[in-house]
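To keep things clear, I will list the structure first and then write my remarks on it.
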Amino acid sequence: MLHAISVARAVFIANQAQLTVTDAWRNDPDSLHYYNLAVDLRAKNLSREQRNNILGSLQIGLGTDYQVILHGQGDSVHYHIEFDPLRVGTLYY
């Protein structure tokens with residue numbers, strides 16, 4: 001996930017935002033986080049415009065091998081990025 005964090009750093013800087021990688025408690029033993037295939041980035045201190053700009057820039061910057069999702073509400077809102085090279089749209093190989 002070093003590549004994803006590197007891309008995210010550039011995207012956050014371009015959007016004048018502070019990058020914070022989060023490590024929240026997880027109860028799913030199959031989480032991709034445990035395999036270093038997923039990372040979460042804090043978004044709670046970003047404006048709606050920044051959130052949308054960053055989401056689009058992350059998706060473009062990381063390409064189709066990564067899935068980028070903005071989810072959660074309030075203090076838990078964050079970007080979830082996972083390395084998913086076999087995913088194409090909604091199809092899985």
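The values are calculated or read from the model by the stated rules, or taken from the named source; none is laboratory data. Treat the numbers as computed from the prediction; the structure is a model and nothing was measured. Cβ placement follows ideal geometry from the backbone for every residue including glycine, while neighbour counts extend to all protein chains displayed. All accessible areas refer to the heavy atoms of the entire protein, side chains included, with ligands and DNA or RNA removed. Shrake-Rupley method; radii C 1.70, N 1.55, O 1.52, S 1.80 Å.
In whole angstrom, how long is each semi-axis of the equivalent ellipsoid of the chain, when you take the square root of 5 times every eigenvalue of its Cα gyration tensor and sort them from largest down? Working shown, then result.
Details: eigenvalues 83, 54, 29 Å².
Ellipsoid half-lengths, sorted descending, are 20, 16, 12 Å.
Quick check: net charge around LEU41, other residues with Cβ under 13 Å of its Cβ, Lys/Arg +1 and Asp/Glu -1? Mind showing how you got there, number by number?
Values: positive: ARG9, ARG42, LYS44, ARG51; negative: ASP23, ASP40, GLU82.
Here the charged neighbours net out to +1.
Carbon-plus-sulfur fraction of the accessible area of the chain, 1.4 Å probe, in percent?
Numbers: 3190 of 6180 Å².
Result for the chain: 52 percent of the exposed heavy-atom area is carbon or sulfur.
Enter the accessible area per residue of the chain (Å², integer; probe 1.4 Å; all protein chains in place). Kindly include the intermediate steps, with their values, before the conclusion.
Values: 6180 Å² over 93 residues.
Here the residues of the chain average 66 Å² of exposed surface.
Please list, in chain and number order, the residues 5+ apart from ARG26 or on another chain whose amide H is under 5 Å from its amide H, with Hs placed from the backbone.
Here nothing satisfies the definition.
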